[in-house]
Every structure is written in structure tokens, then in C-alpha cells.
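Here's the structure we're looking at; comments come further down.
The values are calculated or read from the model by the stated rules, or taken from the named source; none is laboratory data. Just so it is clear, the structure is predicted and the values come from calculations on it, not from any experiment. Glycine gets a Cβ as well: all are built from the backbone with ideal geometry, and neighbour counts include every protein chain shown. For accessibility, only protein heavy atoms count, side chains too; no ligands or nucleic acids. Shrake-Rupley method; radii C 1.70, N 1.55, O 1.52, S 1.80 Å.
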Amino acid sequence: MRDRHRIELRWRDGRTETVHGTEDESVLDAAERAGVGLPFGCRTGACATCTGRMIEGEIEHARPPRGLKREFEQGGYVLLCIARARTDCRIEVGSDVQTDLVTNPWK
Ligand code: FES
């Protein structure tokens, strides 16, 4: 087994959970293994339902994150279904994060 990393998950309502993920599993899988529910859809990096935002640390996407525009990837957004921790991480999670990626025509 490769290294395990501490992954702190933070929701915008202030809730936090800490899980541990190996370098071979996605953050989403690590959270599920720990009994922590996160939003997801396709689990292949296409739909962006699982979007998180890196606060601290490094992940690597296991495949190109097709559901993320380049500008958002550069802005620190990640797809947790294909994101594997490379260091200890702190990540903002929850369905609110995905709404950052959606243009609201009423604003
Ligand atoms: S669940 Fe669809 S991109 Fe992660």
C-alpha cells in the first residue's frame, strides 16, 4: 500500500470531518470508507457533481478532469471522484462548492 494521508473535509456550514486516504484511492472513496457522505454522480470525472476546492495540500487527478474547465482547475477546484491525495490535505466540500462553477444568470 502506498502512503496514507490525512484529509480534512470542510463544509461551508462549518462542519469538518477528517478521513485518511491512500495514494491509490480517490478522496471520494476514502470518505465513503470512513462513512462520510459526499455528493457524486458519474464517478468518472465528467459531471463535476463531486467538485471540491483545495485549501491546502496536493492531489493528483487519476485521469483528466473532463468535468472541470481549465480556469477552475487552475483556481484550485478538484474532482473528488478521481482525486488522489499526494500530501495531507484540507479540502472544501459539499454541494455548495459545485455551484461556484455554474454561472447564475439572475445574479
Ligand atoms: S462524480 Fe462526476 S465528476 Fe466526480
When you look at residue 55, is it among the hydrophobic types (A, V, I, L, M, F, W, C), in contact with a strand residue (DSSP E or B) (Cβ under 6 Å, 6 or more places away or on another chain), open to solvent by 40 Å² or more (accessible area, probe 1.4 Å) and at pLDDT 95 or above, yes or no? yes
If you take the residues of the range 1-25 that are in a strand (DSSP E or B) and of a type in the set (Asp, Glu), which of them is nearest to the chain's Cα centre (by Cα)? 8
In the range 27-47, how many are within 11 Å of the ligand (Cβ to nearest atom), open to solvent by 10 Å² or more (accessible area, probe 1.4 Å) and not charged (D, E, K, R)? 8
Scanning the range 69-83 residue by residue, those touching a Pro at 6+ places or on another chain (Cβ under 7 Å) and surrounded by fewer than 18 Cβ atoms within 10 Å (Cβ to Cβ) turn out to be 73
For residue 93, all conditions in the list (1) open to solvent by 40 Å² or more (accessible area, probe 1.4 Å); (2) within 16 Å of the ligand (Cβ to nearest atom) hold save one; what is the number of the exception? (1)
If you check residue 66 against the conditions, is it under 10 Å from the mean Cα position of the chain (by Cα) and of a type in the set (Lys, Arg)? no
Counted residues in the range 29-46 being farther than 21 Å from residue 5 by Cα and hydrophobic (A, V, I, L, M, F, W, C) come to 3
